[in-house]
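*Asks:* This is the structure, below, for whatever I ask next.
The values are calculated or read from the model by the stated rules, or taken from the named source; none is laboratory data. The shown structure was predicted, so the numbers you read here are calculated from the model rather than taken from an experiment. Positions of Cβ are generated from backbone atoms using ideal geometry, with glycine treated the same way; all protein chains shown enter the neighbour counts. What goes into the accessible areas is simple: the full protein's heavy atoms, side chains included, and nothing from ligands, DNA or RNA. Shrake-Rupley method; radii C 1.70, N 1.55, O 1.52, S 1.80 Å.
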Amino acid sequence: MALIYTDVWEAIADRLPDHPAVVQGDRTVTWGDYDDRASRLAAAFSAAGIGHDRTVGMYLYNSPEYMETQFAAFKVRATPINVNYRYLEDELWYLLDNADCEAVVFHSSLGERLAHVADRLPDVKLWIEVPDDDSHWDDAVRYDDVLAEHEPAPRIERGYDDVYMLYTGGTTGMPKGVMYSMGDFTTFFLTAIATQAGLPPFERAESVADVAAAMVGG
């Protein structure tokens with residue numbers, strides 16, 4: 001059985017729903033909530049017609065919402081695109097346009113920059129705003145409202161060759177998207193973990209969840 005991160009994370013969420021998945025300062029998101037919130041966001045992406053081989057921009061600071069957005073995109077076989085929060089208007093427009101983003105999830109404090117380039121990004125169907133200050137861009141929908149308005153998306157079968165993309169920082173020119181197979185990407189890291197732990201290679205997502213449960217006594 002081919003392994004991809006989405007299936008692994010879902011298996012861990014099923015096995016350890018009450019265990020912390022993401023911690024940031026005083027915030028803790030359990031595996032169950034991580035999966036549920038990402039599934040609701042995935043449903044919003046699907047409703048907007050964003051699925052296999054489509055792209056979702058993540059113009060976010062480090063946060064649970066960054067992880068949830070990535071997970072949600074993976075769930076519908078879309079490709080999450082990392083966007084450096086330091087980017088200003090021209091480079092921001094370039095990356096979102098170059099990546100063909102059809103949805104952008106962003107922190108509200110960064111919304112003014114997006115507002116200045118939105119008319120140059122006609123393919124973006126969905127602007128989702130994560131509040132981190134008192135500002136609000138009227139063209140955007142609020143993150144928590146999106147989650148509340150959608151039921152969790154059903155789980156689907158994903159492909160080994162679904163795309164994982166990482167945009168470079170543009171130190172040798174404009175940013176460039178480096179593409180990987182999700183299956184190859186997942187297998188590389190899980191094989192390294194298994195080898196370091198003296199375990200046989202993982203063959204099923206549930207096997208990874210079993211090891212995770214053993215590590216935390218679950």
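*Asks:* In percent, what relative contact order does the range 72-138 have, based on Cα pairs under 8 Å that are 6 or more apart in sequence?
*Replies:* 33 percent
*Asks:* Sticking with this structure for a sec: Normalising by the residue count of the range 24-86, find the relative contact order in percent from Cα pairs under 8 Å and 6+ residues apart.
*Replies:* 39 percent
*Asks:* Calculate the translational D of the range 18-109 in whole µm² s⁻¹ from Stokes-Einstein, where the hydrodynamic radius comes from the Kirkwood formula applied to all Cα pairs, the temperature is 10 °C and the viscosity 1.306 mPa s.
*Replies:* Result for D is 117 µm²/s.
*Asks:* Using only helices, what value at 222 nm comes out for the chain when you add -39,500 (n - 2.57) per DSSP H run of length 4 or more and divide by the total residues, to the nearest 500 deg cm²/dmol?
*Replies:* -13000 deg cm²/dmol
*Asks:* Now for a separate question. Taking only C-alpha pairs under 8 Å that are 6+ residues apart, what is the relative contact order of the range 129-204 in percent?
*Replies:* The value is 18 percent.
*Asks:* Separate question: For R120 and V141, what does the FRET efficiency come to when R0 = 22 Å and r is the distance between their Cβ atoms, rounded to the nearest 0.05?
*Replies:* 0.60
*Asks:* Separate question: Run the dipole for the range 7-99 about the Cα centre, Lys and Arg Cβ at +1, Asp and Glu Cβ at -1, nothing else charged, and hand back the magnitude in debye, nearest 20.
*Replies:* Here the range 7-99 has a charge dipole of around 120 debye.
*Asks:* Which distance in Å, rounded to a whole number, links the C-alpha centroids of the range 14-74 and the range 165-185?
*Replies:* For the range 14-74 versus the range 165-185, the Cα centre distance is 21 Å.
*Asks:* Take the alpha carbon atoms of the chain, find their radius of gyration, then divide it by 2.2 N^0.38 Å using N residues; give the quotient.
*Replies:* Normalised by 2.2 N^0.38 Å, the Cα Rg of the chain equals 1.03.
*Asks:* Hey, another quick one. At 7 Å along Cα-to-Cβ for each site, give me the label-to-label distance between D90 and D14 in nm.
*Replies:* The two pseudo-label positions are separated by 5.1 nm.
*Asks:* Toward the positive end of the charge dipole of the chain, about the Cα centre and with charges on Cβ (Lys, Arg +1; Asp, Glu -1), which of L92, M182, A140 goes farthest?
*Replies:* Among L92, M182, A140, the one farthest towards the positive end of the dipole of the chain is M182.
*Asks:* Run the numbers for F189 and T168: contour at 0.36 nm per residue of separation, minus the present Cα-Cα distance, in nm.
*Replies:* 5.6 nm
*Asks:* Can you work out the PRE-style zone for I156? Point 7 Å along Cα to Cβ, and I want the residues of the range 79-114 with backbone N under 20 Å.
*Replies:* Flagged as within label range: 79-81, 100-105.
*Asks:* Could you work out the local net charge near A21, counting Lys and Arg as +1, Asp and Glu as -1, over the other residues with Cβ closer than 9 Å to its Cβ?
*Replies:* Within the 9 Å Cβ shell, the charges total -2.
*Asks:* What number comes out for accessible area per residue over the chain if the probe is 1.4 Å? Units Å², please.
*Replies:* That works out to 50 Å² for each residue.
*Asks:* Probe radius 1.4 Å, ligands and nucleic acids ignored: give me the carbon and sulfur share of the accessible area of the range 1-153 as a rounded percent.
*Replies:* 43 percent
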